[in-house]
Amino acid sequence: MASKGSNFAGCTVALATPFKDGEIDEPALRAWVEWQVAQGTPILSPVGTTGEAPTLSHLEHERVIAIVVETASGRAKVMAGTGSNSTAEAIRLTKFAARAGADAALMVAPYYNRPSQEGMYRHFATVAEAVDLPIVLYNIPARTGRNMEPETIERLAVLDTIVAVKEAAGSLDQVSDILARTNLTVLSGDDSLTLPMLAVGAEGVVSVAANIVP
């Protein structure tokens with residue numbers, strides 16, 4: 001049986017955001033998307049950590065999503081970064097991504113404020129109930145300060161709009177546990193662990209290296 005987010009299996013590129021003179025370089029971003037499409041990249045993920053999301057203004061964040069969706073024009077799926085440590089902001093960004101035409105939202109666990117597992121569950125559940133867009137959870141405890149435990153991911157997996165998880169905790173045991181507990185599509189969030197994760201059942205990668213080597 002296919003996993004829940006099998007439409008997002010394979011290689012997703014975690015797009016870098018080009019800048020010039022302190023501003024988003026829109027022509028360079030459009031050219032970057034065109035090159036990725038020409039190389040056959042199936043899924044583009046703008047404004048994640050690699051895309052400088054923490055340093056962009058809200059308007060810049062939205063503009064990058066809109067440019068990538070417009071330029072890809074259906075030739076590649078767009079998994080837009082819409083995570084925030086503010087639940088209200090995550091809802092706002094995810095609703096924007098849906099209106100802009102994104103195919104999915106990549107939502108990092110709340111960072112800095114280090115929520116409990118119950119708090120993390122409520123954060124994602126609240127967003128999932130407020131939007132009608134497939135959500136890919138993003139677990140990267142080295143950056144957020146809190147691991148999203150497999151038990152929490154299992155609770156979230158029953159929500160219709162949560163379809164996959166980008167797992168970057170660095171633990172193959174955790175990957176195996178998630179796969180045993182859920183039917184979510186598991187994606188590697190760490191280029192160097194992609195092959196070992198595929199060996200235990202992951203179905204793809206959200207790759208930084210794919211910016212250079214699609």
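Throughout, read-outs are computed from the coordinates displayed, never taken from laboratory work. Keep in mind the model is a prediction, meaning the values are calculated, not measured. Note that we place each Cβ from the backbone using ideal geometry, even for glycine, and neighbour counts take in every protein chain shown.
Each of ALA209 and THR55 was given a label point 7 Å from its Cα along the Cα-to-Cβ line. The distance between the two points is 2.4 nm. Extending 7 Å from Cα along the Cβ direction at GLU70 and again at GLU26 yields two label points whose distance is 0.6 nm. Pairs of Lys residues in the chain that lie 8 or more places apart, or on two chains, and have C-alpha atoms under 19 angstrom apart add up to 4.
For the listed peptides 199-209, 6-16, a ranking on the average number of other beta carbons within 10 Å per residue, highest first, reads 6-16, 199-209.
Once you reduce the stretch 147-212 and the stretch 75-137 to the center of their Cα atoms, the two points are 16 Å from each other. Which option, (1) 28, 20, 17; (2) 28, 24, 18; (3) 25, 19, 15, is the value of semi-axes √(5λ) of the Cα gyration tensor in Å that was calculated from these coordinates? So the structure-derived entry is (3). The amide H of LYS166, built 1.01 Å from its N in the peptide plane, has LEU137, TYR138, ASN139, LEU187 as neighbours under 5 Å, considering only residues 5 or more places off or on other chains. Applying 1/(1 + (r/R0)^6) with r as the Cβ-Cβ distance of LEU198 and GLU154 and R0 = 22 angstrom yields a FRET efficiency of 0.55. Note on the chain: helix-only mean residue ellipticity at 222 nm, from DSSP H runs of 4+ residues weighted -39500 (n - 2.57) and normalised by residue number, equals -12000 deg cm²/dmol. Using the Cβ of VAL108 as centre and a radius below 9 Å, the other residues enclosed give a net charge of +2, where K and R count +1 and D and E count -1.
For the stretch 75-92, backbone nitrogen atoms closer than 17 Å to the point 7 Å from ALA38 Cα along Cα-to-C-beta are found at 75-76.
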